[in-house]
Structure formats: C-alpha cells, structure tokens
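A.B. asks: Here it is, the structure in full.
Here, each number is a calculation from the coordinates, and none is a lab measurement. Since we're looking at a predicted model, the values are computed, not measured. Glycine also receives a Cβ, built like all others from the backbone with ideal geometry; neighbour counts cover every protein chain displayed.
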Amino acid sequence: MEKSRSNLSLPSSSVQRRPVPSPAQSLPQDDPPDYTEPSTAPFQEPSSTRGPVFSNSYLPPIDFAQYHIPGSSLSKDGLTITVAPSELSSSPEALTRFMAQQAALPPKPEIRIVGIRENPGIRKLDFDIRINMLSQIVRPPGPSSSWNYVKIVGSRSAGSPGGTIGDIATFADRFCRDPATNKTFILTREVINWNTQILEGRLRTLIASLNYQGRVTITFPSTHSRVVVPGPKTNNSFYTQIVSLFKDPKRYDMVRSIWPYANMAGSETSDDPRRVCAVQSENKWWDEWKLVIANAILEGRQGWLSLDDLIEFAMNPVRGIKAGDQWGGNSDI
C-alpha cells in the first residue's frame with residue numbers, strides 16, 4: 001500500500017472540555033417540554049449478583065449495573081426491555097423510583113453499515129459493520145455535565161398552554177390504580193439533535209469511492225430504548241386470556257428520557273456557531289473515523305468497530321487505503 005496523506009487524528013481531550021451552553025441557549029426545542037425533571041438517580045453500590053460497575057477511561061460514566069433488571073427480557077432487535085410482572089404494577093412508589101432510575105440511563109445509539117451483492121441465485125454479504133455511539137451523548141464528569149432530562153408528553157392542560165397536569169409519580173399512581181389487567185407502563189429513551197443525514201451522506205460517498213457496486217443499507221438504531229412494565233399477573237379464565245392476546249394493551253406511554261447529541265439540530269451545509277455538542281460534532285467524529293471505516297469495509301468486516309480499531313489504524317506506519325480489485329477497480333483514498 002502507498003503511504004497515506006490522511007490527517008487522521010485521535011480524539012483530543014480538548015474536545016470534551018467545550019463550554020456548556022448558557023441557559024439562554026441550552027437545549028432549544030421546537031416545542032417546550034411539557035414537564036422536565038432532573039434524571040438523576042442515587043448511586044447504589046452493586047452487589048455481586050448485579051455485576052460490576054465499570055469505571056475506566058474507555059467507558060462513559062454510567063452505572064451499567066442498573067441495566068440489569070432481574071427477570072427482564074430483551075427483544076431480539078435489542079430495542080425493548082420487558083420487565084417481568086412484579087410489585088411495580090401495584091406500588092406507585094416502587095414504579096416511580098424504578099422509572100426515575102431507568103430514565104437516568106441512556107439508550108445505545110449505533111451506526112450500522114451493511115453491504116450486499118446479489119446475483120442470480122447468489123446473495124453475498126460483503127460487510128456488516130456496527131459502531132457504538134454511546135460515548136457521543138454522555139458527557140464526561142464535571143460541573144454541569146448532565147444534559148439529559150425527563151419529559152412527560154401528552155399531558156398539557158387545555159386551559160394552560162405549556163402547563164402540566166402530572167409527573168411521573170402521578171401517572172405511576174394512575175397506572176397502579178387502573179383496574180385494567182392488560183396494561184403497560186412505558187419509558188422511552190430518545191437521542192435528539194444527532195445529524196444522521198450528514199453522516200449517511202458521507203458514508204455513501206465514501207463507499208462509492210471504494211468502487212463498491214452492491215446494495216448498501218445504513219441505519220442508526222438506538223438499542224435499549226424502551227422499558228416496558230406490564231400489568232400484574234391474573235387468574236382470569238382461559239377464554240379471557242385468549243381474548244387479551246388479540247386486544248391492544250392500555251398504554252401509559254408518556255415518559256421520555258431525552259439525550260441530546262447537541263443543544264440544537266445540525267445543518268448539512270454549515271456549522272452553526274450557536275450549536276454546541278455534548279462531546280464532539282459529527283464532522284469531527286467523521287474526520288477521526290472515516291479511514292477506519294473504509295479499511296473495515298475493504299476487509300469485509302462483520303461485527304463491531306471500536307476504539308481499538310481506531311488506535312491500531314492510527315499507529316500503523318503505512319495507512320494507505322486502496323479499493324480492492326474484487327469490486328472492479330482501484331482508487332486511492
């Protein structure tokens with residue numbers, strides 16, 4: 001390979017020390033939140049049965065042990081956590097504490113890049129790359145480090161625009177008192193102000209420059225983004241249980257845990273000086289990762305790209321990237 005003239009650089013500490021937006025600029029929304037509250041939960045020292053709390057420079061400052069909910073299940077696509085029937089459906093206090101704790105945890109935003117070539121009778125998966133973007137929405141510890149907040153949706157009072165008629169505790173109480181047996185209480189974790197359009201455009205341009213002719217799919221899923229608490233177990237008749245399978249549950253789906261990538265939406269054409277990112281801009285991230293992604297595509301990677309890949313690529317004395325002959329041509333990046 002030829003020597004690369006790329007200006008790939010590793011993340012610098014200065015990226016993580018950007019000033020927090022002033023209150024006047026902080027987190028503007030198209031519509032003001034119906035209700036907000038700090039989404040902090042008291043730190044609990046984990047027991048050996050709950051698993052360790054990771055603490056090192058590679059991981060965001062999150063109490064990962066809180067993701068472990070005894071008796072819960074994770075959907076096949078990784079999006080939804082369903083809690084086993086428990087006292088949460090009958091104790092408003094327990095449900096409120098649980099929701100506040102879970103709202104303090106972020107979803108896991110990802111980038112997934114899949115390339116497939118299809119010929120008559122042949123379907124070949126060329127690459128399936130996933131990149132964990134969790135570190136881009138969780139700010140490092142420090143003063144005013146938390147940008148995340150809780151929002152209650154659909155609870156405005158008709159006589160008081162922008163006002164609220166309840167909070168988590170209010171809706172938890174309503175849920176527990178509701179006599180319906182087929183019901184669910186839902187927390188949704190959302191990433192906002194992440195400019196995925198510009199990233200998708202640059203990814204597609206990069207892949208085209210590698211002379212790849214297959215079908216490319218680029219998605220930005222957020223796993224662990226829903227926590228569902230079902231109603232209590234019942235001793236209803238077999239007929240009632242069968243009927244409930246075909247009846248939509250009554251949903252208490254109004255709690256949102258909001259995790260901003262930046263304090264405002266991004267523009268595809270320019271960098272707005274008023275826009276401040278929680279960690280770093282999409283452009284900065286792209287400059288650091290684009291050659292690593294290109295290399296992984298050419299290698300036919302199927303799996304995760306991580307910080308180790310970034311370090312290994314940066315320390316390689318020869319970092320030339322050349323499109324392979326297997327895709328019908330050569331071109332340097």
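A.B. asks: When Lys and Arg each count +1 and Asp and Glu each count -1, what net charge do the other residues less than 11 Å away from F127, Cβ to Cβ, add up to?
C.D. replies: Details: positive: R112, R117, K124, R130, R301; negative: D126, D128, E299.
Local charge sum for F127: +2.
A.B. asks: Please state the relative contact order of region 70-313 as a whole percent: Cα pairs under 8 Å, 6+ residues apart?
C.D. replies: 32 percent
A.B. asks: Shifting gears a bit: Which trypsin sites (Lys or Arg not before Pro) from region 250-289 combine a DSSP loop assignment with at most 15 other Cβ atoms within 10 Å?
C.D. replies: Of the trypsin sites (Lys or Arg not before Pro), the ones in loops of region 250-289 whose Cβ has at most 15 other Cβ atoms within 10 Å are R274.
A.B. asks: Excluding I116 itself, calculate the net charge of residues whose Cβ lies under 12 Å from the Cβ of I116, where each Lys or Arg counts +1 and each Asp or Glu counts -1.
C.D. replies: Spelling it out: positives minus negatives among the neighbours equals +1.
A.B. asks: Pairs on different chains or at least eight residues apart, Cα atoms closer than 29 Å: how many lysine pairs in region 70-313 fit?
C.D. replies: Eligible lysine pairs with Cα atoms under 29 Å apart amount to 22.
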